[in-house]
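Working notes, structure below.
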Amino acid sequence: MHVADFLLRPLYWFAGKVFSIWARPAIHPDDPSEYITDTNAAVCYVLETGGLADVLALEQACEKFGLPSPTESFGFCGNFEYRRFVVLRRMRGFLVRRPRKTGSQRLKRLVEAARKGDTELLLIPVAIYWGRSPEKEGSLIKLLYSENWEAVGRIRKFITTILHGRSTLLRFSRALPLRSLELDERTPEIAYRKASRILRVHFRQRRIATVGPDLSHRRTLVNQVLRKPNVRRAIAAEGGGDTGTREAARRKARKYALEIAADISYPTIRFLYRILRWLWHQIYDGIELNHVDTLHELANDREVVYVPCHRSHFDYLLLAYVTYDEGLHVPHTAAGINLNFPIIGGILRRGGAFFLRRSFKGNRLYAAVFDGYIQEVLNKGHSMEYFIEGGRSRTGRLLHPKGGMLAMTINAYVTDPKRPIVFMPVYFGYEKLIEGGAFISELGGAAKKKESLGGLVRSIWSLRDYFGKVWVNFAEPIELEALLDRAHPGWRDHKAEGGERPAWLGGIVDELGGQIMQNINSAAAVTPNSLLAFVLLSTPKQTIGLYELRRQLQLSLDLLNRFRYSELVTIPDWTPDEIIEHGEKLDVISRSEHPMGEVVHMEERTAVLMTYFRNNILHLLAVPAAVACCFIQGTELEHEELQRLIRLIYPFMKKELYLKWHEDEVDGVTTAAIDALVELEILTLGERGRTLVRPGAGSAKAFQLLMLGQSTVPMLQRFYLVIAVLVHNGSGKLTRARLETMCQQSAERLSMIYGLHSPDFFNKTLFHDFIRMLEEKDVLRRNSEGLIEFDSEITSIGADARLVLGEEIRHSILSLTMPDVGQD
């Protein structure tokens, strides 16, 4: 044992015991040992600035995971080092610490030894952040004892360790094999500089991803926004030539900027983090986080714009909590101005929220200020979060994307491309929503209640209920630069004149919005609750025998695995009985005893709420369900005929459910769905293999096929209803608004008489989107008077409907549109 090692190890041991009393850093990843890929290689840790506290924190982590101790000596290629770590930025001075001009001599020795020897050395960067609070640029008073971008002295480091010992992150990174740098082909000095540069760049990128870039003080940021050329032009246009009027316009612009701007406070974030951690454990069984590794890789050298689906007000808090818990800096989050009410608005603002009005229409000055704020935030390298659906989905389906924020983001990057931007779609999967009852009321015609402190208190009271789990799935990211290169290769040559956006921007925004929605759906979380909803809402009275429920749940799980929508979709590894028990715990189903076997039932109000969760996963089985639907009336169909029928309705299904496949792929997708159904023996092949045959009437398999097909029937009923209303009234008779109203009213009456009276079925937006898609397909046209015209070929759709919709439903729809049908 080396003399220094003999003397210092007892001191490190004693200091470590004292240190562990108050300092317990969070460690990422969950198992750092996975980064030691070569068990025969020597291991050496790399610290950014070092210091006793950092070494003790690293020692604590290594002991926990059985990794080599950083305080022990080790030999490498004949070179003996009495410590297993390297400090990249060596400091000088006792109390006032400053970086040394010379680099790490230990690293230089190790690089030189690696050039001469045959043994591999793994350099493992370890970043340690005490408090994780970035410096406020332009502020006179710093957040003294939180992590920032400056080197600190021993006294400050000691106080920081005391204050933030339990608000500290220790992050291991992937090992850098020295031999991968091809050191033998370089001089010793060049080899050393290359290794140092790679490590410096890595630590800088990791600090940006974890701590965030330097934060401007809010007043400084506002002043920078007001100096933007677009904002100055808008102020001049508002104020005209009069000096006093122009100054009033400038004051108004400043007022707008202060209304918008976030005021991030890391003490507030740390406080909220502790509150939220307690809250999630109180109301949820846990947070299931999936595919987060991709996010960590992107955050190193890209600016991340989070674009999640919008299910609940909890979305804001959940994503901020997850990113902070994963060691990433909290994004600036766009929030509606309706959330900026007393007390709560201020807390949200200090937690990273910036506020926007629902509409910018007619207010050029506000639009310019908001656009300038987005540019300034992006230019400084902050991550951002916004919901492109505009508001929370009331139906569980994804809403049509609104392009305003996307357009501002893309335009800011095109105008001044700095750090690459990547859009990260995020899927939130809940099993229960605090807003569920309000959503159903609003769909039924009730006015949306304004957010208030009293409403928040009432919502908190409902948190006594059991809410199951929540899933956060990160989807496939979208690189903005790659999208621009593909859609408009000459975007780099664009020169903004007078602040005008490029004419080609609209098409890119639409493409990006659609791709984000599809990627969100491709990372869906199938929850036990959504599976129960999918099955029970396919029954006439939301009632089914226990044995049949088990079979249908198992079929749904098997089909989800065989007809895999995407590898990013998460499917519960639960048995049907576990799903049923979970549903009872959530109080969404109940059992009734019967001599012939138990019966599972869902109350009507619960069933209406459960349509939300069924719609969360409807897209995953839409194609197999549509195939099954074709056999509700028929017993045998040719393979090509099935493809034709699915091809006919697929564009409208794709529009409503944001399905990922292009229309020219649908035949192959239909074949894959058929193959899955045949494997599960829900369909069988005909004698020559060219036809598909339904199982015998009354068999268990036939019942399962019927149940699967019923999940698609409401969608097809809406489609048929629109056609029936058009045909009855004739070409050139109805405006689009009148057609939508008639369809909604007819659907509501139909649901009241024949099915579950759910506002989801007669949602006006669904009819609007279907009619719009018919116009895009040139099936419908609007004349100069705004009336809808169509050709006689539209009536052929009714013939195909007979293959899918039962006679009773078709007769009912026709009776609603033609009152004389069925009368004597």
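The set of residues in the range 56-81 that are in contact with a helix residue (DSSP H, G or I) (Cβ under 9 Å, 6 or more places away or on another chain) and closer than 21 Å to Ala195 by Cβ comprises Pro68, Pro70, Phe76, Cys77, Gly78, Asn79, Glu81. Consider Ala482 carefully, then state whether it is free of Cβ contacts under 8 Å to residues at least 60 places away in the same chain, within 24 Å of the chain's Cα centre (by Cα) and assigned to a helix (DSSP H, G or I). Spelling it out, Ala482 is indeed free of Cβ contacts under 8 Å to residues at least 60 places away in the same chain, within 24 Å of the chain's Cα centre (by Cα) and assigned to a helix (DSSP H, G or I). Every condition in (1) crowded, with 22+ Cβ neighbours inside 10 Å; (2) within 32 Å of the chain's Cα centre (by Cα); (3) part of a helix (DSSP H, G or I) holds for Ala747 except the one numbered (2).
Exactly one residue out of Arg100, Arg90 is open to solvent by 80 Å² or more (accessible area, probe 1.4 Å), modelled with pLDDT under 80 and farther than 23 Å from Gly117 by Cβ: that is Arg100. Answer yes or no as to whether Arg349 is outside any helix (DSSP H, G or I) and not hydroxyl-bearing (Ser, Thr, Tyr). Judged against the criteria, Arg349 is not a match.
Mind listing whichever residues of the range 535-556 are open to solvent by 10 Å² or more (accessible area, probe 1.4 Å) and within 26 Å of Pro308 (Cβ to Cβ)? If the condition is that a residue be open to solvent by 10 Å² or more (accessible area, probe 1.4 Å) and within 26 Å of Pro308 (Cβ to Cβ), then Leu537 is the only one that fits. I'm told Leu121 meets every condition in (1) crowded, with 19+ Cβ neighbours inside 10 Å; (2) modelled with pLDDT of 50 or more; (3) over 17 Å from Leu199 (Cβ atoms); (4) not acidic (Asp, Glu) except one. Can you identify the failing condition by its number? All conditions pass for Leu121, except number (3). Considered as a group, the residues in the range 485-504 that are free of Cβ contacts under 8 Å to residues at least 60 places away in the same chain and not in a loop (DSSP other than H, G, I, E, B) include one that is farthest from Asn519 (Cα to Cα), and that residue is Asp493. Among residues of the range 67-78 that are surrounded by fewer than 20 Cβ atoms within 10 Å (Cβ to Cβ), those with a Cβ under 9 angstrom from a residue that is of a type in the set (Phe, Trp, Tyr), sequence gap 6+ or separate chain, pair up as Pro68/Tyr45; Pro68/Phe74; Ser69/Tyr12; Glu72/Tyr82; Ser73/Phe80; Ser73/Tyr82; Phe74/Phe80; Phe74/Tyr82. Taking the range 761-795 as the range and being among the acidic types (Asp, Glu) and within 20 Å of Ile649 (Cα to Cα) as the test, the residues that pass are Asp769, Glu775, Glu776, Asp778, Asp791, Glu793.
Taking the range 506-524 as the range and being open to solvent by 10 Å² or more (accessible area, probe 1.4 Å) and not in a helix (DSSP H, G or I) as the test, only Ser522 passes.
From the list Glu679, Glu663, pick out the single residue that is in contact (Cβ under 8 Å) with a residue 24 or more places away in the chain, of a type in the set (D, E, K, R) and closer than 21 Å to Phe563 by Cβ. Testing whether each residue is in contact (Cβ under 8 Å) with a residue 24 or more places away in the chain, of a type in the set (D, E, K, R) and closer than 21 Å to Phe563 by Cβ leaves just Glu679.
When the strands (runs of 3 or more DSSP E) confined to the range 557-661 are screened for residues that are of a type outside the set (Ser, Thr, Tyr) and surrounded by 19 or more Cβ atoms within 10 Å (Cβ to Cβ), those reaching at least 1 such residues are found at 599-601, 636-638. Looking across the range 675-688, the residues that are over 19 Å from Leu557 (Cβ atoms) and either open to solvent by 40 Å² or more (accessible area, probe 1.4 Å) or in a helix (DSSP H, G or I) (or both) come down to Thr684, Leu685, Glu687, Arg688. Exactly one residue among Arg204, Arg166, Arg197 is at negative phi, surrounded by fewer than 19 Cβ atoms within 10 Å (Cβ to Cβ), at pLDDT 60 or above and assigned to a loop (DSSP other than H, G, I, E, B), and that residue is Arg166.
Taken over the range 347-366, the criterion of being surrounded by fewer than 23 Cβ atoms within 10 Å (Cβ to Cβ) and free of Cβ contacts under 8 Å to residues at least 40 places away in the same chain is satisfied by Arg357, Arg358, Ser359, Lys361, Gly362, Asn363.
Please determine, by comparing only the residues of the range 229-243 that are open to solvent by 70 Å² or more (accessible area, probe 1.4 Å) and outside any helix (DSSP H, G or I), which one is modelled with the highest pLDDT.
Asp242
Remark: Asn338 falls outside the filter, which requires a residue to be within 29 Å of Trp130 (Cβ to Cβ) and touching a Lys or Arg at 6+ places or on another chain (Cβ under 7 Å).
For the range 374-383, the criterion of being among the hydrophobic types (A, V, I, L, M, F, W, C) and outside any helix (DSSP H, G or I) is met by none of the residues.
Filtering Leu716, Leu721, Leu685 for residues that are hydrophobic (A, V, I, L, M, F, W, C) and at pLDDT 90 or above leaves a single hit, Leu685.
The values are calculated or read from the model by the stated rules, or taken from the named source; none is laboratory data. As the structure is a prediction and not an experimental result, all values here were calculated from the model. Because the Cβ atoms are built from the backbone with ideal geometry, glycine has one as well, and the counts that use them run over all protein chains shown. Just so you know, the surface numbers come from the protein's heavy atoms only, side chains and all, with ligands and any DNA or RNA stripped out. Shrake-Rupley method; radii C 1.70, N 1.55, O 1.52, S 1.80 Å.
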